[in-house]
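Chemist: One structure coming up, written as structure tokens, with questions to follow.
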Amino acid sequence: MIPAFHALARHGRLVLVLGLLVGILAPGLARAMEPLIFPLIALMLFLATLRVDVVAAFPGTHALPRFLRATLILQVILPLCAIAGLWVLGAMESIIGVGAVLVLAAAPLTGSPGLTIMAGGDPAPALRQLVLGTALLPLTVLPVFWVLPVFGAPEVVAMAALRLLAVIALAGGAGMLMRRTVPWLSRAEGQGTVDGLITLVMAVVVVGLMAAVGPAILAPSRELWLTLAAVFTLNFGAQIGALLLLRGSPGTPALAIVVGNRNLGLFLGALPPETGAALLLFIGCYQVPMYLTPLIIAPLIRRLAG
């Protein structure tokens, strides 16, 4: 069984694309898996903390201000700027607009260190940004949730932040505890096994996230093409913009991947149910550029960062 998980980790790029295709081509299976989306995303968070020593990965005293500044820019300033732009355009309640704000407010994708490795970069900066961004997420979302109209009253905002905090604390705490008590997980064989598990869970969860995308592709509409254009622009545009802006700086590939690839699905447990349902098409479409990053953006990252 362990060699099978190692093989999954080695062929991660193809496994992720296969998950996308299954989700699109098997809409019945995707709909059946919808209720499992949020538990699987919490499982990915557990596996991420199982894979790395979070305490060791946390930025040291010297590097902490830089990573803290990046977290505030990525998870507070960018989404608030997006909200201001939507307000000017009168699109505060549009699904694409709300989806874009939530992407920018989210912590880095759990698999961002793995994507960085596939791009030939050093995964350490992505890992540190992931750890810090996820730890601070219940705080950084407060101003965004407060201003975003989908959450409404202050007590609703507070409850949404508390739900996020509970999921992060339970999943992350369980992973940290298990890593401390099972030394095998710190060895190369254990790490390869967890990498394979992360790949498998990412491929499975994307099937459920495609529940709204498969039927939309089979009967394409203006809404689908607009959503796809928006998510590709947001994801790839953010990564390319970060590459050009940070070119020559240490950790550029990792930070570029982190900017564009965020753990949007973690918000599904905090959003009002009707908003979560309305956002499923956007969230599903956003997985396409995210899961294609290793195939499409990684070569560009290697060229620009080189």
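Chemist: Pairs please, first residue from segment 134-149 and crowded, with 16+ Cβ neighbours inside 10 Å and in a helix (DSSP H, G or I), second anywhere and of a type in the set (Gly, Ala, Ser) and at pLDDT 85 or above, Cβ atoms under 6 Å, 6+ apart in sequence or on different chains.
Modeler: Close Cβ pairs satisfying both conditions: Thr134/Ala107; Leu137/Ala107; Val141/Ala105; Val144/Ala105.
Chemist: Something else now. Of the residues Gln239, Gln287, which is under 17 Å from the mean Cα position of the chain (by Cα) and modelled with pLDDT of 90 or more?
Modeler: Testing whether each residue is under 17 Å from the mean Cα position of the chain (by Cα) and modelled with pLDDT of 90 or more leaves just Gln239.
Chemist: In addition: Just the residues that are more than 28 Å from Arg66 (Cα to Cα), polar (S, T, N, Q) and in contact with a helix residue (DSSP H, G or I) (Cβ under 6 Å, 6 or more places away or on another chain), please, taken from segment 245-298.
Modeler: Gln287
Chemist: From the list Phe232, Phe267, Phe236, pick out the single residue that is out of contact with any Lys or Arg (no Cβ under 7 Å at 6 or more places or on another chain), of a type outside the set (A, V, I, L, M), under 24 Å from Arg128 (Cβ atoms) and surrounded by fewer than 20 Cβ atoms within 10 Å (Cβ to Cβ).
Modeler: Of Phe232, Phe267, Phe236, the one residue that is out of contact with any Lys or Arg (no Cβ under 7 Å at 6 or more places or on another chain), of a type outside the set (A, V, I, L, M), under 24 Å from Arg128 (Cβ atoms) and surrounded by fewer than 20 Cβ atoms within 10 Å (Cβ to Cβ) is Phe236.
Chemist: Follow-up question, since we're still on this one. Condition (residue is touching a Ser or Thr at 6+ places or on another chain (Cβ under 7 Å) and in contact (Cβ under 8 Å) with a residue 24 or more places away in the chain) applied to segment 73-94: is it met by at least one residue?
Modeler: yes
Chemist: Quick check on my filter: what residues within segment 95-104 are of a type in the set (A, V, I, L, M, F, W, C) and either touching a Gly at 6+ places or on another chain (Cβ under 9 Å) or touching a residue at least 60 places away in the same chain (Cβ under 8 Å) (or both)?
Modeler: Hits for segment 95-104 are Ile95, Ile96, Val98, Ala100, Leu102, Val103, Leu104.
Chemist: Still on this structure, please answer the following. Only residues that are over 25 Å from Ala216 (Cα atoms) and free of Cβ contacts under 8 Å to residues at least 60 places away in the same chain: list them for segment 252-298, please.
Modeler: Scanning segment 252-298 gives a single hit, Ala256.
Chemist: For segment 214-229, state whether one or more residues are in contact (Cβ under 8 Å) with a residue 24 or more places away in the chain, touching a Gly at 6+ places or on another chain (Cβ under 9 Å) and farther than 26 Å from Val76 by Cβ.
Modeler: Yes, segment 214-229 has at least one match.
Chemist: Modelled with pLDDT under 85, among the hydroxyl-bearing types (Ser, Thr, Tyr) and closer than 18 Å to Met1 by Cβ: does that describe Thr199?
Modeler: yes
Chemist: Looking at (1) modelled with pLDDT of 90 or more; (2) of a type in the set (Val, Ile, Thr); (3) within 17 Å of Val194 (Cα to Cα), which one does Ile83 not meet, given that it meets all the others?
Modeler: Checking Ile83 against (1) modelled with pLDDT of 90 or more; (2) of a type in the set (Val, Ile, Thr); (3) within 17 Å of Val194 (Cα to Cα), the one that fails is (3).
Chemist: Here's something else I'd like to know. Any residue in segment 271-289 that is at negative phi, polar (S, T, N, Q) and part of a loop (DSSP other than H, G, I, E, B)?
Modeler: Scanning segment 271-289, I find no residue that is at negative phi, polar (S, T, N, Q) and part of a loop (DSSP other than H, G, I, E, B), so the answer is no.
Chemist: Just for helices (runs of 4 or more DSSP H) wholly inside segment 1-114: which have at least 1 residues that are β-branched (Val, Ile, Thr)?
Modeler: The qualifying helices (runs of 4 or more DSSP H) are 2-10, 12-25, 37-51, 54-57, 64-72, 78-89, 95-105.
Chemist: Got a sec? Which of Ile297, Ile301, Ile257 is buried (at least 20 other Cβ atoms within 10 Å of the Cβ), in a helix (DSSP H, G or I) and touching a strand residue (DSSP E or B) at 6+ places or on another chain (Cβ under 9 Å)?
Modeler: Ile257
The values are calculated or read from the model by the stated rules, or taken from the named source; none is laboratory data. Because the structure is a prediction, the values reported are computed rather than measured. Neighbour counts are summed over all protein chains in view; Cβ atoms, including those assigned to glycine, are modelled from backbone coordinates with ideal geometry.
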